[in-house]
Amino acid sequence: MIRDLYNVRLRPAESITTPLTDEEERRFQAVLFSELGNKIADRGWVRFPAYTQEDRRRLVALAHRLTAHWGQRVFVEAEDQCRVRLYLAGHEVLPESAARA
């Protein structure tokens with residue numbers, strides 16, 4: 001039996017991501033600034049996933065924005081291929097309980 005398929009479209013490959021619109025990018029940056037900034041302020045560091053070059057670029061830009069906002073440098077360090085760590089001076093080394101997480 002042959003069936004006709006109507007309104008079927010090819011999906012893009014999984015590795016291809018659609019870029020955010022300017023408005024979506026601004027909103028995402030605002031959420032990162034607020035959420036990650038609060039965590040850094042509370043404990044001195046935060047770990048966040050960064051799967052693409054664009055994700056890493058956003059986190060570096062976030063560190064620069066937080067540095068300008070606080071007047072205290074926020075450092076950026078790639079932990080591995082998928083994680084980036086942002087931290088304040090004095091929090092270079094993770095506490096033992098966080099290192100196992």
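The values are calculated or read from the model by the stated rules, or taken from the named source; none is laboratory data. Small disclaimer: the values here were computed from a predicted structure and weren't measured. Note: ideal-geometry Cβ built from the backbone for every residue, glycine included; neighbour counts use all protein chains shown. Each accessible area value is taken on the protein alone, full model and side chains, heavy atoms only, with ligands, DNA and RNA left out. Shrake-Rupley method; radii C 1.70, N 1.55, O 1.52, S 1.80 Å.
Just a few scattered comments:
Table: residues versus (1) at pLDDT below 95; (2) within 20 Å of Leu86 (Cβ to Cβ).
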site	(1), (2)
Arg11	yes, no
Leu20	yes, no
Leu36	no, yes
Asp42	no, yes
Val46	no, yes
Gln53	yes, yes
Ala61	no, yes
His69	no, yes
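- Summed over segment 34-70, the residues that are in a helix (DSSP H, G or I), open to solvent by 50 Å² or more (accessible area, probe 1.4 Å) and touching a helix residue (DSSP H, G or I) at 6+ places or on another chain (Cβ under 9 Å) give a count of 5.
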